[in-house]
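The values are calculated or read from the model by the stated rules, or taken from the named source; none is laboratory data. For clarity, every value in this text was computed on a predicted model and none was experimentally measured. Cβ: placed from backbone, ideal geometry, glycine included. Neighbour counts: every protein chain shown. Note: areas computed on protein heavy atoms with side chains; ligands, DNA, RNA excluded. Shrake-Rupley method; radii C 1.70, N 1.55, O 1.52, S 1.80 Å.
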Amino acid sequence: MGLKPVQLGQVQKWRHMMTLLGDTLLSTNAKRRLRIARSMLAFQIYLAGDWIGQYAISHWSVDVADVRAYQIISGLFSVLVYALIRGGWSERLADPSLTVLQIVVAQTLAVWCYAIFSPVRGALMLLQIIIIFFALFTLKPRGQLLVTVYPLVLMGLSMWGLSVASPATFAPDIEWVHFVILATTLPSVAMLGGQISSMQDKLRKQKIALEGALARIQDLANRDELTGLPNRRYMLDVLHSRISLFERSGQSFCLAILDLDHFKQVNDVHGHQVGDEVLKTFAQQSAVALRETDLLARWGGEEFLLLMADSCAPHAAKAIDRIRENLSQVQMTTEAPQLRITFSAGFVQFLSGDTLDSAIERADQALYTAKKNGRNRTVIG
């Protein structure tokens with residue numbers, strides 16, 4: 001059976017309260033939440049040490065002052081790390097997660113635990129190995145070397161000092177075995193971490209290279225190889241999007257088909273290489289005359305389709321005139337310096353009730369009229 005409306009309301013209210021509490025404690029910033037969540041794993045280790053301390057006070061002969069000092073320092077450090085990350089102050093640093101700081105402090109406190117909780121000190125050596133795992137996926141090889149050498153040196157000095165000061169409790173032969181175990185285990189874990197870090201770097205570089213290759217492939221698929229302009233397929237996608245926007249908001253746009261006059265004669269007289277240069281020059285000069293919001297695509301052969309967003313007919317016609325004026329003043333190709341090219345244009349404004357096919361058909365008919373009336377002109381359809 002489903003929940004009653006009152007019960008459902010209570011569940012939703014409870015979920016809302018939990019979400020609000022989580023956002024308050026962990027922040028709504030996704031990266032900040034992740035950093036705090038990782039830090040809480042370290043906090044759990046400190047809490048375990050606090051519990052062991054309380055147990056040690058009740059059952060073992062330990063120095064209560066040492067236990068209390070550990071509990072206060074670990075608690076204050078946990079609050080400090082939480083405040084720095086939650087408040088966003090750590091984001092000003094190169095390591096916003098405070099990874100190295102947290103690991104070094106945790107390793108130091110683990111050595112302290114080893115010294116004051118002597119009955120279970122063998123088991124507490126595992127803390128050093130657990131702490132190293134925090135570095136596997138976050139630190140570079142140099143950082144991993146630091147957090148490996150530091151605990152080895154600190155533990156080695158501590159074991160030596162404890163065995164000298166209190167050989168009855170810290171038997172030198174046992175401390176030597178403990179150190180050998182750490183000296184064997186920690187570098188092995190660090191080496192594994194280095195391999196994981198190298199694999200991550202390699203995968204990251206491969207991902208960047210793949211994304212770049214996909215972007216280039218996408219660009220090649222959407223652009224005309226000769227002119228560098230968007231191709232017909234890309235322009236069709238843009239036009240469908242513009243029509244959808246027009247249907248939702250009424251933002252009109254204009255279309256024009258531009259056709260280079262007597263282009264076949266250029267190829268016949270000067271060759272296809274000159275013809276290609278003419279097409280590229282036309283594309284470059286058109287880009288100079290157009291706004292950033294306008295889009296010119298190669299439609300096929302010597303035909304180009306111009307999309308002018310948010311334009312009314314008079315303004316759009318002036319844009320085409322600017323292209324024509326620019327074209328008349330430039331040298332099309334160095335191989336035929338006297339060659340000048342004109343174009344004819346059929347121009348329409350997209351209207352309510354139009355389809356893409358009908359608008360392009362009207363523009364095509366207007367282009368036909370421009371050519372019929374002598375070329376080098378624009379006809380509004």
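Some points to look at:
- Accessible area of residue 226 in the full protein assembly, 1.4 Å probe (Å², nearest 10): 50
- Relative to the longest principal axis of the Cα atoms of the chain, the long axis of helix 232-249 makes an angle of roughly 80 degrees.
- The region of the chain that goes longest without hitting one of the chymotrypsin sites (Phe, Trp or Tyr not before Pro) in a DSSP loop, each with at most 14 other Cβ atoms within 10 Å, is 138-381.
- Between helix 64-86 and the chain: long-axis angle, C-alpha atoms, 0 to 90°, nearest 10: 10
- Among the GluC sites (Glu not before Pro) within region 207-296, those in coil by DSSP and having at most 10 neighbouring Cβ atoms inside 10 Å are 225, 292.
- Distance from the Cα centroid of region 166-228 to that of region 57-129 is 26 Å (rounded to whole angstrom).
- Region 240-266 residues near the modelled residue 284 label - backbone nitrogen below 12 Å, point 7 Å along Cα→Cβ: none
- Extent of region 30-162 along its three principal axes (Cα atoms, max minus min coordinate, largest first): 45, 28, 18 Å.
- Relative to the longest principal axis of the Cα atoms of the chain, the long axis of helix 272-289 lies at roughly 70 degrees.
- Annotation: Cα Rg of region 79-128 relative to the compact-globule expectation 2.2 N^0.38 Å equals 1.46.
- Global size of region 52-102 as Cα Rg and Dmax, reported in angstrom: 15.4, 46
- Computed with a 1.4 Å probe on the full set of protein chains, the accessible area for residue 40 sits at about 70 Å².
- For trypsin sites (Lys or Arg not before Pro), the sites in region 312-363 that DSSP calls loop and that have at most 16 other Cβ atoms within 10 Å are 340.
- Computed in the context of the full set of protein chains, the accessible area of region 1-159 at 1.4 Å probe radius has 70% of its extent on carbon or sulfur.
- Electrostatic tally near residue 307: other residues with Cβ closer than 9 Å to its Cβ, Lys and Arg +1, Asp and Glu -1, net 0.
- Computed from backbone phi, the HN-Hα couplings of region 212-225 come to x, 5, 5, 5, 5, 5, 5, 5, 5, 5, 9, 10, 6, 5 Hz, rounded to whole numbers (Karplus: 6.51 cos²θ - 1.76 cosθ + 1.60, θ = phi - 60°; Gly and Pro given as x).
- Direction-averaged projected area, Cα convex hull, region 220-288: 5.8 nm², rounded to one decimal.
- Span per principal axis, largest first, for the Cα atoms of region 165-315 (Å): 104, 46, 23
- Rounded to the nearest 500, the 222 nm mean residue ellipticity of the chain from helices alone is -23500 deg cm²/dmol, with -39,500 (n - 2.57) taken per DSSP H run of at least 4 residues.
- 3J(HN,Hα) from dihedral phi, region 351-363, Karplus parametrisation 6.51/-1.76/1.60, rounded to Hz, x for glycine, proline: 10, 4, x, 6, 10, 4, 5, 5, 5, 5, 4, 5, 5
- Computed on the Cα trace of region 264-342, the radius of gyration divided by the Kirkwood hydrodynamic radius gives Rg/Rh = 1.00.
- Sequence-ordered 3J(HN,Hα) estimates for region 40-45 from the Karplus curve with 6.51, -1.76 and 1.60 and θ = phi - 60° stand at 5, 5, 5, 4, 5, 5 Hz, glycine and proline given as x.
- Dipole of the chain, positive end: most advanced residue of 356, 282, 369 [Cβ charges, Cα centre]: 356
- Surface composition of region 328-381: carbon and sulfur make up 46 percent of the accessible area, probe 1.4 Å.
- Accessible area in the full protein assembly, largest first, 1.4 Å probe, for 302, 361, 175: 361, 302, 175
- According to the Kirkwood relation over distinct C-alpha pairs, the hydrodynamic radius of the chain is 28.1 Å.
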